[in-house]
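The values are calculated or read from the model by the stated rules, or taken from the named source; none is laboratory data. This is a predicted model, so every value here is computed, not measured. Cβ placement follows ideal geometry from the backbone for every residue including glycine, while neighbour counts extend to all protein chains displayed. Please note that ligands, DNA and RNA were not included when accessible areas were found on the heavy atoms of the full protein model with its side chains. Shrake-Rupley method; radii C 1.70, N 1.55, O 1.52, S 1.80 Å.
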There are 2 protein chains.
Amino acid sequence: MSDITDAKARERLIDMAAEFYDQFADGDIPHMDVPTRSKSNIVFDEDAGVWVYGDRTSTRSANSVRGARKLLKAVYTMEFLAQQLEENRSSTLRELYYLSESWDEEEAQFNTQSESNKLVEDLEIVSGVKREDFHMRPEESGAKVMGPLLLREQTRRGDRDIHCQEDVGQGGYQIPNDPDTIEFLDNDAEFVLCVETGGMRDRLVENGFDDEYDALVVHLGGQPARATRRLTKRLRDELDLPVVVFTDGDPWSYRIFGSVAYGSIKSAHLSEYLATPDAQFVGIRPEDIVEYDLPTDPLSDSDVNALESELEDPRFQTEYWTEQIELQLDIAKKAEQQALASRGLDFVTDTYLPERLDAMGVI
Amino acid sequence: MSDITDAKARERLIDMAAEFYDQFADGDIPHMDVPTRSKSNIVFDEDAGVWVYGDRTSTRSANSVRGARKLLKAVYTMEFLAQQLEENRSSTLRELYYLSESWDEEEAQFNTQSESNKLVEDLEIVSGVKREDFHMRPEESGAKVMGPLLLREQTRRGDRDIHCQEDVGQGGYQIPNDPDTIEFLDNDAEFVLCVETGGMRDRLVENGFDDEYDALVVHLGGQPARATRRLTKRLRDELDLPVVVFTDGDPWSYRIFGSVAYGSIKSAHLSEYLATPDAQFVGIRPEDIVEYDLPTDPLSDSDVNALESELEDPRFQTEYWTEQIELQLDIAKKAEQQALASRGLDFVTDTYLPERLDAMGVI
């Protein structure tokens with residue numbers, strides 16, 4: 001999926017609706033084919049280096065009342081999106097759900113928000129247009145950036161030139177909902193460091209790590225928002241910067257790394273747009289827990305299950321991850337990134353990160 | 001609690017330690033008295049207009065091994081904080097917990113983070129110095145601000161002058177961990193509008209509500225961080241701006257309002273510093289659910305329990321809240337703020353907020 005203009009996005013919506021007319025004209029029952037969205041239907045795209053949906057599809061057809069109702073909802077949603085684009089407005093997934101209550105045809109209204117969310121994802125996949133290009137904003141905007149980068153953001157109130165160290169407070173630059181409104185003007189950055197927790201992000205900024213190593217510190221804030229992943233991918237592609245990810249040392253955090261590097265199963269149709277395939281994992285590695293003798297917590301049952309499920313996950317079937325996950329199951333321990341503070345507040349910036357980044361060839 | 005210098009904060013820490021020496025000298029067993037922190041021990045301070053701790057105290061005494069260990073941990077923490085102030089460093093609560101592993105005396109190390117968190121709160125209360133003044137940062141910084149306000153933030157890299165509309169992107173100005181580093185330079189604001197959800201915050205910004213009504217839109221992001229509450233209070237006190245709070249219409253959101261307006265039970269010792277007693281609740285009121293015929297969800301059992309517990313909460317024992325909560329129990333429904341979208345995307349900014357704010361005498 002590439003960036004497209006509002007007019008083009010609108011055209012694709014109308015094309016999808018026209019398809020139904022063609023099906024009617026041909027005497028076919030109207031239907032829509034959507035890739036099956038499950039772990040068993042994702043495949044590795046060698047060219048793009050990301051995981052995408054495979055060939056299996058599911059069909060939404062008007063050959064049942066239930067199916068016909070689904071297509072009716074799809075058509076109403078297409079109309080709403082087309083109008084939104086025409087008026088240069090935007091809305092959130094939740095607003096769409098509520099807004100459907102104002103539609104004249106009661107059968108077209110959504111019963112739950114997961115229904116409308118899923119429909120918008122279907123439309124993304126079928127149209128090849130990502131929802132941001134339909135002006136569907138996520139509920140929450142992305143996280144924040146600190147580092148030697150001058151950017152221009154196109155806002156509704158005009159362009160803003162912002163340097164992500166000199167023009168922002170200690171909190172950094174707030175990534176907008178749609179980071180494709182950003183243009184990179186200039187930078188002195190050597191690499192991008194994505195950090196899971198706010199506490200660690202603040203530690204790095206306080207210790208001046210972004211300054212000393214010319215790092216762009218991107219706060220992920222747990223499972224990263226689409227906007228954060230998109231910006232990270234653009235920093236990689238457009239500025240040719242290596243991307244490294246620094247999280248807690250537990251299976252949930254490996255998934256955070258996975259969503260940055262490989263894309264998520266739920267949005268594999270967006271992998272090319274959101275994923276940074278050559279992102280590297282800094283740690284906390286199970287190996288680090290041993291090597292740096294970090295304070296740990298025991299693995300819970302659900303941790304063990306999550307690790308075992310990762311061993312089965314095609315995205316984690318590399319030598320590196322198999323080794324690390326098996327080691328972790330073996331030592332039966334996990335550690336948070338802030339556990340590095342047990343060696344002193346500067347250990348992470350004076351010792352751990354320099355050692356790791358050097359070993360990884362990033363600095 | 002008022003703002004104090006680093007030197008003064010350090011002095012108070014040393015005074016607390018000196019107290020133990022005095023107790024030894026007097027032949028007393030060392031001890032520390034701390035107000036009892038429960039709902040039954042909060043009282044309304046008429047002068048400040050906030051809820052604070054009452055007269056009941058609990059004593060931590062070295063007359064048992066358990067008590068002695070607590071005081072030992074307190075003394076180690078005081079030493080750490082005093083050193084941190086001297087070096088102009090800062091740290092998070094979680095870092096303190098991990099850092100204790102590096103202390104030479106094993107008995108002084110914390111077993112759980114809730115133990116170290118609670119100790120820091122005890123020290124805040126006994127010393128009358130808030131933890132930000134000990135340079136203990138919260139894990140997460142505050143949320144974000146959009147509106148006609150020019151401020152100066154003192155950062156570790158120098159002062160930054162930032163206008164919260166003209167110098168920021170669509171995401172707004174990111175509130176730093178310690179908002180007392182901010183100085184308000186100039187503003188055209190008429191009032192402060194605190195908003196619970198990111199989706200609604202973005203709706204207001206997209207519709208230009210901050211521009212049209214000269215509102216400072218402060219995103220709360222669920223239960224607001226200390227930094228967000230502190231900034232809100234300062235906007236009220238220093239700029240003399242009315243503060244209104246706009247949340248979902250359910251008991252959990254009334255608690256969000258409560259934490260802005262009344263302070264929380266857990267941090268009643270900070271009410272004077274964090275609470276904005278004359279903050280007003282915009283909605284969603286149970287009355288609005290009826291009046292605007294909003295899409296609703298039924299109350300769950302835990303919603304009903306939470307509402308009933310609010311009826312018992314001294315902070316909610318006003319005519320207004322009793323009426324609203326009883327109405328909600330009666331209609332047995334709740335509504336989200338984004339449910340206003342069922343009347344169209346502009347309804348909230350063209351109709352609902354202007355009507356409510358006019359009725360409240362804010363505009």
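Once each part is reduced to its C-alpha centroid, what is the distance from region A:316-354 to region A:71-135 in angstrom?
After rounding, the separation between the Cα centres reads 43 Å.
Provide the solvent-accessible area of B:Leu235, counting protein heavy atoms only and rolling a 1.4 Å probe, rounded to the nearest 10 Å².
Surface open to solvent at B:Leu235 totals about 0 Å².
Identify the residue of chain B whose Cβ lies closest to the rotation axis that maps chain B onto chain A, and give that distance in whole Å.
Closest Cβ on chain B to the axis mapping it onto A, in Å: B:Gln174, 2.
Mind listing the long-range amide H neighbours of B:Leu216? Cut-off is under 5 Å, sequence gap 5 or more, other chains count too, H placed in the peptide plane at 1.01 Å from N.
Amide H neighbours of B:Leu216, under 5 Å, 5+ apart: B:Glu190, B:Phe191, B:Val192, B:Leu193.
In whole angstrom, how long is each semi-axis of the equivalent ellipsoid of chain B, when you take the square root of 5 times every eigenvalue of its Cα gyration tensor and sort them from largest down? Show your work: numbers first, answer last.
Values: eigenvalues 320, 128, 55 Å².
Largest first, chain B gives 40, 25, 17 Å.
Taking the label point as lying 7 angstrom from Cα along the Cα-to-Cβ axis, what are the distances from B:Ser40 to the corresponding position in the remaining copies, in ascending order and in nanometres?
Copy-to-copy label distances for B:Ser40: 5.9 nm.
For chain B, take the longest principal axis of its alpha carbons; what is the angle in degrees between that and the long axis of helix B:319-331, to the nearest 10 within 0 to 90?
Taking Cα atoms only, the helix is inclined about 70 degrees.
Can you pull the semi-axes for the protein assembly as shown, root of five times each eigenvalue of the Cα gyration tensor, sorted largest first, whole Å? List each step's numbers first, then the result.
On the way: eigenvalues 381, 230, 121 Å².
Working from the Cα gyration tensor, I get semi-axes of 44, 34, 25 Å.
To the nearest 10 degrees, how steep is helix A:65-86 against the longest Cα principal axis of chain A, on a 0 to 90 scale?
With both axes taken from Cα atoms, the answer is about 70 degrees.
Summarise the partner chain shielding of A:331-340 as one whole number: the mean count of Cβ atoms from other chains within 10 Å of each residue's Cβ. Intermediate results must be reported in sequence, preceding the final value.
Numbers: counts 0, 0, 0, 0, 1, 3, 1, 10, 5, 2.
Average neighbour count from other chains, rounded to a whole number: 2.
Shortest first and in nm to one decimal, what separations exist between B:Glu323 and its copies in the other chains, measuring from label points 7 Å along the Cα-to-beta-carbon line?
Inter-copy label distances (nm, one decimal, shortest first): 7.0.
At 37 °C and 0.692 mPa s, what whole-number value in µm²/s does Stokes-Einstein give for the translational diffusion of region B:6-137, with Rh from the Kirkwood sum over Cα pairs?
On the way: Rh = 15.7 Å.
This corresponds to a translational diffusion coefficient of 209 µm²/s.
Would you pull out the residues with amide H under 5 Å of A:Tyr262's amide H, same chain only if 5 or more places away, H placed 1.01 Å from N?
Placed amide hydrogens put A:Thr276 under 5 Å from A:Tyr262.
Using the Cα centre as the reference, give the magnitude of the dipole from point charges on the C-beta atoms of the protein assembly as shown (Lys, Arg: +1; Asp, Glu: -1; all else neutral), rounded to the nearest 20 debye.
Values: 76 positive and 150 negative charges, 210 e Å.
Here the size comes out at about 1000 debye.
Compare the Cα positions of A:Thr318, B:Leu99, A:Ala9 along the charge dipole of the protein assembly as shown (+1 at Cβ of Lys, Arg; -1 at Cβ of Asp, Glu; about the Cα centre) and return the one farthest towards the positive end.
Of A:Thr318, B:Leu99, A:Ala9, it is A:Thr318.
Using a 1.4 angstrom probe with every protein chain in place, what is the largest-first accessible-area order of A:Ser100, A:Ser61, B:Ser300? Walk me through the intermediate numbers first.
Working: A:Ser100 0, A:Ser61 20, B:Ser300 45 Å².
From most accessible down to least: B:Ser300, A:Ser61, A:Ser100.
If you find the alpha carbon centre of region B:254-289 and of region A:143-221, how far apart are they in angstrom?
33
Quote the accessible area belonging to B:Asp237 in square angstrom, nearest 10, computed with a 1.4 Å probe and with ligands, DNA and RNA left uncounted.
Rounded to the nearest 10, the figure is 90 Å².
Could you work out the Kirkwood radius for region B:144-359, taking every pair of different alpha carbons, averaging 1/r and inverting it, reported in Å?
On the way: mean 1/r = 0.0564 Å⁻¹.
Mean inverse Cα-Cα distance, inverted, gives 17.7 Å.
Could you give the size of the charge dipole of chain A about its Cα centre, using +1 on the Cβ of each K and R and -1 on the Cβ of each D and E, expressed in debye and rounded to the nearest 20?
Numbers: 38 positive and 75 negative charges, 226 e Å.
With Lys and Arg at +1 and Asp and Glu at -1, about 1080 debye.
Quantify how strongly other chains surround peptide B:142-155 by giving the mean number of their Cβ atoms within 10 Å of each of its Cβ atoms.
Values: counts 1, 2, 4, 0, 1, 0, 0, 0, 0, 1, 1, 4, 2, 7.
Rounded to a whole number, the mean comes out at 2.
Output the 0 to 90 degree angle, nearest 10, between the alpha-carbon long axis of helix B:6-25 and the longest principal axis computed from the alpha carbons of chain B.
Helix B:6-25 sits roughly 40 degrees off the main axis of chain B.
Starting from the Cα gyration tensor of region A:249-305, take the square roots of the eigenvalues, sort them a ≥ b ≥ c, and report rounded, prolate or oblate (rounded when a/c is under 1.5, otherwise prolate if a/b is larger than b/c, else oblate).
On the way: a/c = 4.99, a/b = 1.82, b/c = 2.75.
Taking the square roots of the gyration eigenvalues as a ≥ b ≥ c, region A:249-305 is oblate.
Report, ordered by chain and residue number, the aspartates and glutamates lying within cross-link reach of A:Lys70, taken as a straight Cα distance under 14 Å and ignoring same-chain residues fewer than 8 apart.
Within the straight-line limit of under 14 Å, A:Lys70 reaches these aspartates and glutamates: A:Asp33, A:Glu105, A:Glu106, A:Glu107, A:Glu115, A:Glu121, A:Asp122.
Taking the Cα centre of region B:144-359 as origin and charging only Cβ (+1 Lys, Arg; -1 Asp, Glu), how large is the dipole, in debye to the nearest 20? Display every interim value, and only then the final one.
Values: 21 positive and 45 negative charges, 203 e Å.
In total the dipole reaches around 980 debye.
Quick check on region A:303-363: take the gyration tensor over C-alpha atoms, sort the square-rooted eigenvalues as a ≥ b ≥ c, and tell me if it's rounded (a/c under 1.5), prolate or oblate.
Values: a/c = 3.25, a/b = 1.61, b/c = 2.02.
Oblate shape, in that a/c is at least 1.5 and b/c is the bigger or equal ratio.
Taking all protein chains together and a probe of 1.4 Å, list A:Leu150, A:Leu241 from the most accessible to the least accessible.
Per-residue accessible area, sorted high to low, gives A:Leu150, A:Leu241.
With loop defined by DSSP as not H, G, I, E or B, and exposure as at most 12 other Cβ atoms within 10 Å, which is the longest segment of chain A clear of exposed GluC sites (Glu not before Pro)? Spell out each step's value before the answer.
Numbers: sites that count: A:Glu46, A:Glu87, A:Glu105, A:Glu166.
Value returned for the longest uninterrupted segment is A:167-363.
Kirkwood hydrodynamic radius for region A:35-83: how many Å is it when counted over pairs of different Cα atoms? Write down the numbers at each step before the final one.
On the way: mean 1/r = 0.0766 Å⁻¹.
By the Kirkwood definition, the hydrodynamic radius is 13.1 Å.
Give a quick list of trypsin sites (Lys or Arg not before Pro) in region A:64-118 that DSSP marks as loop, anything other than H, G, I, E or B, with at most 13 other Cβ atoms within 10 Å. Present the calculation step by step, with values, prior to reporting the outcome.
On the way: sites: A:Arg66, A:Arg69, A:Lys70, A:Lys73, A:Arg89, A:Arg94, A:Lys118; in loops: A:Arg89.
Hits after loop and neighbour filter: A:Arg89.
What are the residues whose amide H is under 5 Å from the amide H of B:Gln280, where those residues sit 5 or more places off or on another chain and H is modelled from the backbone?
Amide H neighbours of B:Gln280, under 5 Å, 5+ apart: B:Val243, B:Val244, B:Val245.
Using the Cα gyration tensor of region A:187-310, with a ≥ b ≥ c the square roots of its eigenvalues, what is the shape: rounded (a/c below 1.5), prolate (a/b larger than b/c) or oblate (neither)?
Values: a/c = 2.15, a/b = 1.17, b/c = 1.84.
The shape class here is oblate.
Give the nm distances, rounded to one decimal, from B:Asp159 to the matching residue in every other copy, measuring between label points 7 Å along Cα toward the beta carbon; shortest first.
Once sorted, the set of distances for B:Asp159 reads 3.0 nm.
Is it possible to state the helix-based mean residue ellipticity at 222 nm for the protein assembly as shown, with each DSSP H run of 4+ residues giving -39500 (n - 2.57), the sum divided by total residues, to the nearest 500 deg cm²/dmol? What is it?
Numbers: 26 runs with 288 residues, N = 726.
So the helix-based figure for the protein assembly as shown works out to -12000 deg cm²/dmol.
Of the options B:Ile42, B:Phe80, B:Gly54, report the single residue whose Cα projects farthest towards the positive end of the charge dipole of chain B (beta-carbon charges: Lys, Arg +1; Asp, Glu -1).
B:Phe80
So what is the relative contact order of chain A, in percent, for Cα pairs below 8 Å that sit 6 or more residues apart? Before the final figure, lay out each step's value.
On the way: 584 pairs, mean separation 50.5, N = 363.
About 14 percent, as a whole number.
Whole percent per 10 Å bin, from 0 to the bin with the longest distance: what is P(r) over all C-alpha pairs of region B:111-203?
All Cα pairs considered, the percentages come to 13, 37, 28, 19, 3, 0.
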